[in-house]
Structure formats: C-alpha cells, structure tokens
Amino acid sequence: MIGKTKRLNFSSLFYLILFSLIINSFIFNNLFIVSIFLIFFLFSLLITKHGLKKIKQLNLLQNIRNEGPSIHFTKKNTPTIGGIFIILPFLLLLLVVNNKFDSIGIFLLFLCSLGFFIIGILDDYLSITNKKNTGLKANEKFLLQALISIFFIVFASQNNLISPVITIFDNWHIDNNTFILPICFLTLVGLSNAVNLTDGLDGLASGCSSIVFFGLGTEIFTKGEKELIIYGLVSFAMSGLCMGFLKFNKYPAKIFMGDTGSLTIGATLASISILTNSIFTLFIISGIFIIETLSVILQVSFFKITKKFFKKGKRIFLMAPIHHHFELKGFKEEKIVENFWKFNILLVFLGIVLKINL
C-alpha cells in the first residue's frame with residue numbers, strides 16, 4: 001500500500017483503519033470496537049454531506065491569512081466550521097453514555113470538549129464576521145483554554161480520576177505527584193493548539209486525528225481495565241467521525257473543520273489520555289502534532305534570538321508550521337499530507353508495540 005505504485009489516499013487509509021479495528025475486535029473480543037467506528041463514520045459522512053449545503057447557504061466561508069503561501073488564496077471562500085459535524089455527534093454520544101453509566105469522568109470529558117468547542121466556534125465566527133483569518137486574540141484564546149483546562153483538571157483530581165503516577169510501560173512508571181497537574185495542563189492546552197496548528201493543509205489534521213484516536217483507543221484496550229473500556233470505545237467513535245469528515249476535507253477540500261474542530265479534537269485527545277493515564281503513549285502517537293508545534297516554536301525563537309544579536313531575524317524553515325516549509329520547497333499538498341499520514345501510522349505502530357512489549 002505504501003509502495004511506488006500505490007498511494008495512501010482516503011480509501012486506503014479508511015480500509016487500513018477498518019482492518020486494524022476488525023483485528024482489535026477479535027483480539028479484545030469486543031465487536032463494539034469496529035461497530036462504533038463504522039456507525040459514527042457513516043453518521044459523520046451523512047451529516048457532513050447534507051450540512052455542507054447549509055453552511056454554503058449561511059455564507060460561512062474561510063478567510064485566508066496574507067502571511068500564508070500564495071497558493072492558498074485559491075482556498076478562499078471554502079465553507080468552514082465543519083468541525084460541528086465531528087464534535088456535535090461526539091458530544092451527543094458522551095451525553096448518552098453518561099446517562100447510561102453515570103460516569104463522572106465521561107461527564108467531565110463532555111464539559112471539557114464542550115468548552116473548547118465553544119471557544120472554537122467563537123473564534124471561527126469572529127474570523128468570518130471580521131473577514132480576516134483571525135478571530136479571538138491569542139491572549140483571549142489562551143485565557144479561555146486555561147480556565148476550562150483548570151476546571152477539568154481540578155475536578156478530575158478531586159474525584160481521583162488523575163493518577164499521580166505516569167505509566168510509561170507496564171513495568172516502568174514515574175511517580176510525579178508534584179508535577180502531574182502542570183503536566184496535565186500543558187497536555188490539554190498544548191495539544192489543543194497543536195492540532196490547530198496542524199490544520200493547514202487539506203485532510204492533514206482530520207486524517208492524522210482519525211489515526212491518533214485509533215491509536216489511543218487501542219492503547220486503552222491494551223491496559224485490560226474494564227472501567228476504561230468506555231474511553232477506548234469513544235476514541236474509536238471519534239476516529240470514525242474524523243474519517244467521515246475527511247471524505248469531504250481531503251484534497252481538494254470541500255469544507256474545513258476550522259478551530260471549531262481542531263481545538264476540540266486536541267482537547268478531547270488530551271482529556272481522554274489524562275483520564276486513562278495514557279499521556280506518554282499519546283505523546284508518541286501524536287508526534288505529527290508535536291512536530292508541527294515545535295517547528296513554530298523553533299522558528300519564532302530563532303528569529304527573535306538572531307534579530308537580537310544580528311539586528312536582522314533569520315529563519316530555520318521557509319515558513320512554519322513545517323508543512324508550509326515543504327509546500328514552499330515545491331512538494332504537492334496532497335503528497336505532503338500523504339507522507340504525514342504515513343509517518344503518523346508508524347508512530348501509532350511504535351507506540352502500541354512499545355506498550356505491548358516493554
């Protein structure tokens with residue numbers, strides 16, 4: 001599938017994840033694994049298809065920032081805020097699950113995802129009404145993210161839902177009682193913004209998100225803890241939702257998820273990892289999101305340092321995040337996305353293999 005003659009496109013990625021989930025269903029003796037993925041994949045596919053028309057009617061269209069690659073100006077006026085077709089079904093699922101199991105953890109996951117969802121909608125709405133690719137100011141967005149993250153972490157900690165011991169592998173743990181809460185905060189705010197930064201090419205964030213949610217769900221099931229199974233299942237549901245949306249978000253994109261989707265997806269990944277003590281594994285399988293973020297941090301830091309010493313700022317990359325660097329180097333957008341998907345699959349494989357064998 002990854003040879004010279006075959007590309008990793010939407011269809012092959014879908015069948016790869018589906019085949020892996022079928023294997024998981026047999027390994028963990030749980031048919032809900034593949035069923036919930038397919039149900040929410042089809043649900044996302046249908047509501048995105050029909051919702052796309054409504055978004056066009058409401059004139060909710062994307063604005064392109066002037067600082068980006070010039071080729072992206074062709075994407076102007078593409079329908080946006082498509083993240084609602086991923087997040088709303090997920091929030092509904094959490095409400096149904098919480099109603100059935102009365103789980104404090106699921107309820108906190110719902111509140112956290114809802115909070116970041118509201119931030120994303122507000123940011124996208126302001127961007128559209130201002131006719132600029134900027135909505136909330138950076139400090140405003142960070143403050144709102146911080147408040148929701150602190151709320152989630154405090155209540156999760158008070159209900160003993162956050163383990164003070166970070167599990168690296170089954171026989172390797174780090175007792176980090178002093179720093180566990182700051183680590184949780186950085187994971188929540190950091191990953192939320194990391195997915196947001198990655199959402200710069202057609203299908204990049206949605207495809208990687210589907211892969212990472214699959215990996216996270218699989219990692220949770222390997223723990224063998226019955227009380228955590230529900231988090232694994234909702235992760236597979238989110239994998240299906242992202243995959244269904246990807247059908248319309250792949251190159252050339254018919255719709256963008258906007259901050260409505262990207263901010264919430266990152267926060268949801270982080271929240272689930274915190275509640276299931278899977279932070280270390282998430283760090284591995286979310287490598288694409290982390291690399292994208294580090295490329296921005298390195299670019300900005302290097303520019304400021306060199307400007308201070310040489311009166312003129314220098315750059316490491318042609319443009320950050322790093323996917324724009326490859327664009328300006330002449331690589332085709334769909335090829336960049338394909339290679340990032342492949343690398344993300346390898347990271348998920350690495351994370352699961354390390355989890356099982358060490």
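Values quoted throughout were computed directly from the atomic coordinates according to the rules given, and no laboratory measurement underlies them. Because the structure is predicted, anything quoted here is derived from the model rather than measured. Virtual Cβ from ideal backbone geometry, glycine too; neighbours counted across all protein chains shown.
Laid out as a table, the results:
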item: Vicinal HN-Hα couplings computed from phi for the range 295-312 (Karplus, 6.51 cos²θ - 1.76 cosθ + 1.60; Hz; Gly/Pro x); result: 5, 6, 4, 5, 4, 5, 5, 5, 5, 5, 5, 5, 5, 5, 8, 10, 6, 9
item: Computed FRET value (nearest 0.05) for residue 301 with residue 147, which takes r as the C-beta separation and R₀ as 30 Å; result: 0.65
item: Over the chain: helical MRE at 222 nm, DSSP H runs n ≥ 4 each giving -39500 (n - 2.57), nearest 500; result: -24000 deg cm²/dmol
item: Highest-first arrangement of 244-257, 181-194, 219-232, 16-29, where packing means the average Cβ count within 10 Å; result: 244-257, 181-194, 219-232, 16-29
item: Cross-link reach list, aspartates and glutamates versus residue 250, counting only Cα pairs under 18 Å and skipping chain neighbours closer than eight places; result: 199, 202, 259, 327, 333, 334, 338
item: Ranking of 297, 288 by count of other Cβ atoms within 10 Å, fewest first; result: 297, 288
item: Out-of-range pairs (alpha-carbon distance over 31 Å; input 132/314; 254/307; 56/137); result: 254/307
item: Relative contact order (%) - criterion: Cα under 8 Å, at least six apart; region: the chain; result: 24
item: Residue order, fewest to most beta carbons within 10 Å, for 97, 195, 337, 296; result: 296, 97, 337, 195
item: Note, ³J(HN,Hα) from phi for the range 249-266, Karplus 6.51, -1.76, 1.60, rounded to Hz, x at Gly and Pro; result: 9, 5, 5, x, 5, 8, 7, 10, 7, x, 5, 3, x, 5, 4, 6, 4, x
item: Ranked list, fewest to most other Cβ atoms within 10 Å of each Cβ, for 242, 112; result: 112, 242
item: Dipole of the chain, positive end: most advanced residue of 88, 26, 255 [Cβ charges, Cα centre]; result: 255
item: Within straight-line cross-link reach of residue 100, lysines at Cα separation under 21 Å, skipping those fewer than 8 residues along the same chain; result: 226
item: Listed pairs 141/342; 76/308; 49/76; 54/332; 53/76 exceeding 28 Å between Cα atoms; result: 141/342; 76/308; 54/332
